[in-house]
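In what follows, a structure is listed as C-alpha cells, so that the remarks can point back to it.
The values are calculated or read from the model by the stated rules, or taken from the named source; none is laboratory data. This structure is a prediction, so every number in the text was calculated from the model and none was measured. A quick note on method: Cβ atoms are made from the backbone with ideal geometry, for glycine too, and the neighbour counts reach across all protein chains shown.
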Amino acid sequence: MVKGKISIKTHQLLSFSSLFIELSPGENVFWPGCAILSMGEEIVMKTYELLKTQIPDLKLSTMCCGKPSLHIDGGKPYEKRKQFLNKAFEKNGVKKIYTLCPNCQNTLVENSNCEIISAWTVLDEIIPKNKYNIYKGRKLSLHDPCPIRGYLENAVAARNILNKLGVDILEFPNNRDRTICCGKKDMIMTLYPEKGQKLFEIRAKQAPSKEIVTYCSSCVDTFRKNSFEAYHILELLWETKANGSWKNRYNSVRKSKR
C-alpha cells in the first residue's frame with residue numbers, strides 16, 4: 001500500500017504541475033482526462049477537432065480532475081486539488097465541461113459548479129460518414145466502465161457509435177447499470193493489487209470473448225495486462241492503437257498550446 005500511495009502522490013504532483021496543465025479561457029471546454037491524453041496527440045486532437053464541428057467555441061483542457069487524491073490519506077489531499085480546479089474554472093469563465101472520462105465525469109459533477117456533459121453523446125451525433133461500417137462483421141465484447149452506472153447516457157452513446165462503426169457487439173451478462181469493475185476503481189489496483197486482481201478475475205470470467213472494447217482507458221489497460229486484446233472506442237474510430245504514457249501525455253499538452 002505504501003508503494004501505491006507514493007505512486008499516486010507522484011502522479012498527482014506531476015498532473016498538477018505546469019508541465020501538464022493547459023486551460024484556455026472559454027465557456028465550453030473539452031476535458032479528455034489524464035488517461036486519454038496519455039493515448040497521444042493524434043487521438044486527442046482528432047477528437048477535439050471533430051467535437052469543434054459541433055461546438056465551434058470549444059476550448060481544450062489538459063487538466064486532471066484530481067480523483068486519485070480522493071483515495072489516499074482519507075481524501076484530504078483532494079481538497080487542495082478541488083480548490084485549484086474551481087479557481088481555474090472561475091478565472092477562465094468555464095461553464096460547461098465535455099468529458100470522455102467516466103471517472104472525471106463523476107468527480108467533476110460532485111465537486112465543481114460547472115455543467116458536466118458526456119462528450120460521448122456529442123460524438124454519437126457526429127461520427128463521420130466515412131467511418132460507418134469500417135469494422136462490419138467484427139465481433140467485440142463491450143465492457144461498460146463501472147463509473148458510468150449513474151450516467152447511462154455514456155452506455156447508450158457507446159453502443160450507438162460502435163453500431164455505426166459496424167461492430168457486432170457481444171454483451172457481458174452484467175452491463176450498463178449492472179456492470180462490474182475491472183479492478184481499478186478508486187485506485188484499488190494501485191493500493192491493493194491482490195484485491196484488484198480478484199475483482200478483475202470475476203469480470204474476466206464474464207467476457208463473451210477475448211477481444212474487448214470499452215470507453216475507459218484504465219479498463220483497456222487492465223484487460224491488456226491480462227492477456228486480452230482490448231481496444232478503446234477512440235482507437236477504433238481513428239484506426240490506430242495507443243499505449244498510454246507520460247510522454248504521450250506531455251506531447252498532447254504541447255500540441256494543445258500551439
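Taking the options MET63, MET45, name whichever one is surrounded by fewer than 19 Cβ atoms within 10 Å (Cβ to Cβ), farther than 20 Å from MET189 by Cα and either touching a residue at least 40 places away in the same chain (Cβ under 8 Å) or aliphatic (A, V, I, L, M) (or both). Let's see the steps before the verdict.
Numbers: MET63 fails: surrounded by fewer than 19 Cβ atoms within 10 Å (Cβ to Cβ).
Exactly one of MET63, MET45 is surrounded by fewer than 19 Cβ atoms within 10 Å (Cβ to Cβ), farther than 20 Å from MET189 by Cα and either touching a residue at least 40 places away in the same chain (Cβ under 8 Å) or aliphatic (A, V, I, L, M) (or both), namely MET45.
How many of the residues in the stretch 13-34 are touching a Phe, Trp or Tyr at 6+ places or on another chain (Cβ under 9 Å) and either surrounded by fewer than 18 Cβ atoms within 10 Å (Cβ to Cβ) or outside any strand (DSSP E or B) (or both)? Spell out how you get there, then give the answer.
Within the stretch 13-34, the first condition is being touching a Phe, Trp or Tyr at 6+ places or on another chain (Cβ under 9 Å), and the residues that meet it are 14, 16, 19-20, 23, 28-32, 34.
Retained after the next criterion (residues that are either surrounded by fewer than 18 Cβ atoms within 10 Å (Cβ to Cβ) or outside any strand (DSSP E or B) (or both)): 14, 16, 19-20, 32, 34.
Final tally of qualifying residues: 6.
Name the one entry in THR190, THR214, THR240 that is of a type in the set (Val, Ile, Thr), surrounded by fewer than 21 Cβ atoms within 10 Å (Cβ to Cβ) and under 26 Å from THR121 (Cα atoms). It would help to see each step written out before you state the result.
Values: THR190 fails: under 26 Å from THR121 (Cα atoms); THR214 fails: surrounded by fewer than 21 Cβ atoms within 10 Å (Cβ to Cβ).
After applying the criteria, what remains is THR240.
Being of a type outside the set (Lys, Arg), more than 16 Å from the chain's Cα centre (by Cα) and more than 24 Å from TRP238 (Cβ to Cβ): is that true of GLY66 here?
Values: of a type outside the set (Lys, Arg): yes; more than 16 Å from the chain's Cα centre (by Cα): no; more than 24 Å from TRP238 (Cβ to Cβ): yes.
No, not satisfied.
Take the residues of the stretch 123-169 that are in contact with a Ser or Thr (Cβ under 7 Å, 6 or more places away or on another chain) and surrounded by fewer than 16 Cβ atoms within 10 Å (Cβ to Cβ): which is farthest from CYS181 (Cα to Cα)?
Filtering the stretch 123-169 for residues that are in contact with a Ser or Thr (Cβ under 7 Å, 6 or more places away or on another chain) and surrounded by fewer than 16 Cβ atoms within 10 Å (Cβ to Cβ), the one farthest from CYS181 (Cα to Cα) comes out as ILE126.
Could we say that GLU194 is within 23 Å of HIS71 (Cα to Cα) and in a helix (DSSP H, G or I) here?
Details: within 23 Å of HIS71 (Cα to Cα): yes; in a helix (DSSP H, G or I): yes.
Judged against the criteria, GLU194 is a match.
So, in the stretch 72-121, of the ones that are assigned to a helix (DSSP H, G or I) and among the aliphatic types (A, V, I, L, M), which residue ends up surrounded by the most Cβ atoms within 10 Å (Cβ to Cβ)?
Top of the filtered list is ALA119.
Tell me which of these LYS82 doesn't satisfy, since it passes every other one: (1) in contact (Cβ under 8 Å) with a residue 40 or more places away in the chain; (2) closer than 16 Å to TRP31 by Cα; (3) among the charged types (D, E, K, R).
Result: LYS82 fails condition (1) only.
Would it be correct to say that GLY4 is without any contact (Cβ under 8 Å) to a residue 24 or more places away in the chain and in a helix (DSSP H, G or I)? Give the derivation first.
Details: without any contact (Cβ under 8 Å) to a residue 24 or more places away in the chain: no; in a helix (DSSP H, G or I): yes.
So GLY4 fails the test.
Can you tell me which residue within the stretch 116-138, out of those that are assigned by TED's automatic domain parsing to the domain that holds ARG159 and aromatic (Phe, Trp, Tyr), is farthest from LYS96 (Cα to Cα)?
Out of the qualifying residues, it is TYR135.
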